Amino acid sequence: MDLYDKIVKELSGLLKVEASDLSPTSGMDNLEVWDSLKHMNIIIAFEEEYGVVFEDDEIGEITTVRMLYEVLNEKLA
């Protein structure tokens, strides 16, 4: 399983939606369940899971599945 698929699987659990309902453009603007509180839960969960720390500006940028993947992929490189 590649990183993108792992992210989608974890997000589907955190957001309580089907993984098949998530796409790269899914995010705060088009998923009602991804609100500001859930956003912080996502950030904390991914920091703990992957042993990374997101900077404040990155947290603000991570508003879609694609951005979460890109920022996390860069941190793990």
| message | Within the range 52-74, does at least one residue satisfy the condition of being among the hydroxyl-bearing types (Ser, Thr, Tyr), out of contact with any Phe, Trp or Tyr (no Cβ under 8 Å at 6 or more places or on another chain) and either open to solvent by 80 Å² or more (accessible area, probe 1.4 Å) or touching a residue at least 40 places away in the same chain (Cβ under 8 Å) (or both)? | response | yes
| task | Of all residues in the range 29-49, count the ones that are closer than 15 Å to Lys6 by Cα and of a type in the set (Asp, Glu). | result | 3
| note | The correct count of residues that are in contact with a helix residue (DSSP H, G or I) (Cβ under 6 Å, 6 or more places away or on another chain) and either part of a helix (DSSP H, G or I) or over 20 Å from Gly13 (Cβ atoms) (or both) in the range 54-67 is 4
| request: Mind listing just one residue for me: the one in the range 50-77 that is among the charged types (D, E, K, R) and under 15 Å from Asp2 (Cα atoms) and, of those, nearest to the chain's Cα centre (by Cα)? | output: Arg66
| said: Could you tell me how many of the residues in the range 5-40 are in a helix (DSSP H, G or I), in contact (Cβ under 8 Å) with a residue 12 or more places away in the chain, open to solvent by 40 Å² or more (accessible area, probe 1.4 Å) and touching a Lys or Arg at 6+ places or on another chain (Cβ under 9 Å)? | reply: 1
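The values are calculated or read from the model by the stated rules, or taken from the named source; none is laboratory data. For clarity, every value in this text was computed on a predicted model and none was experimentally measured. Please note: Cβ atoms are built from the backbone with ideal geometry, for glycine as well, and neighbour counts cover all protein chains shown. Side chains are part of the model used for accessible areas, which takes the heavy atoms of the whole protein and leaves out ligands, DNA and RNA. Shrake-Rupley method; radii C 1.70, N 1.55, O 1.52, S 1.80 Å.
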